[in-house]
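Report on one structure; see the data block that follows.
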């Protein structure tokens, strides 16, 4: 099997899995990003009926969207186990907070309508909004730390390990990337909800969309400016690419602004999708071929890359076969669900 992929098809299995892991996490950011954004905006909506409408915009799809995170984590564990071990052990407390927030978010969605009391609904609404905010922030902080680089050391057994602590993760660059993630997901959720709602709620979302676009543009510029001095390995190797990516990203944001001014909300939503894909592609290209590297490291420094952190070629080949079978099923399911539940949200007896 390994010979078929490598010799017959000429595939570099390490490169294939580097790209596939990136695609899975990008799919999660695009799909669950608007779920998280709806949750963040949920904190600022006071009317119970409007909160129910917001929940029901994502009700049929939120759990399916999170499959991409589970799949991406599983792919990282199987394809690059050393990276999985280093990152998850180093970010242990942060990931436990992320897991707790994901659990509370799911529980809040299902529990809020189990009792009629107003305090019960408000409590779970707050839990849903706060946990969505925490998830978005922690995901952004995690990406910011990987992009900036994390302190590494070699253990007595020859394994590369994380050498910092929890508070090393709370650095200005990572927190700025976290703020970008929160605002970008909030915009993404706002645009998605605009496609699914009508009336007073839609008008409220329309007013929120414009300042959100400007906020995202500001954080986008700040992050790219900080990337040079604070994520030097990315700037050192791909400085022309960063300039092109910044231009493309700003072009996408400007297109989204124009689309919103013309009330073309589907085009604006596609623009926010493209912005997320652009940022993830920039992150992947900037890191390539590394997956984890030390801060400011130049080529040849201590790092985990797609070769020294990978599973065996046989494992990668078997996993690729499984992926070629499973991915079309996931994509088919995703397209089917969105097609079935297309159109505006209406409240009925089966709504949250």
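Laboratory data are not the source of any read-out in this text; all were calculated from the coordinates shown. Everything numeric here is computed off the predicted structure, so don't read it as measured data. Using ideal geometry, Cβ is built from the backbone for each residue, glycine included, and neighbour counts are taken over all protein chains shown.
Observations on the structure shown:
- Separation of alpha-carbon centers, the stretch 155-191 and the stretch 314-346, rounded to whole Å: 28 Å
- Residue exposure proxy: 46, 344, ordered by other Cβ atoms within 10 angstrom of their Cβ from fewest to most, comes out as 46, 344.
- Segment residue 110-residue 281, extension gain: residue separation times 0.36 nm, minus the distance between their alpha carbons: 58.1 nm
- When Rg and Dmax are taken over the Cα atoms of the stretch 9-84, they come to 16.9, 58 Å.
- Residue 154 paired with residue 77, simple spin-label distance in nm, labels 7 Å along Cα-to-beta-carbon: 2.9 nm
- Once the chain from residue 63 to residue 97 is taken as fully extended at 0.36 nm per residue, the excess over their C-alpha distance is 10.3 nm.
- As a length-normalised measure over Cα pairs under 8 Å and 6 or more apart, the relative contact order of the stretch 54-178 settles at 24 percent.
- Sorting 131-138, 118-125, 31-38 by average packing, meaning the other beta carbons within 10 Å per residue, from highest down gives 31-38, 131-138, 118-125.
- Computed E for residue 167/residue 315 - FRET, C-beta separation, R0 41 angstrom, nearest 0.05: 0.70
- Sequence ranges 322-335, 94-107, ranked by mean other-Cβ count within 10 angstrom, highest first: 94-107, 322-335
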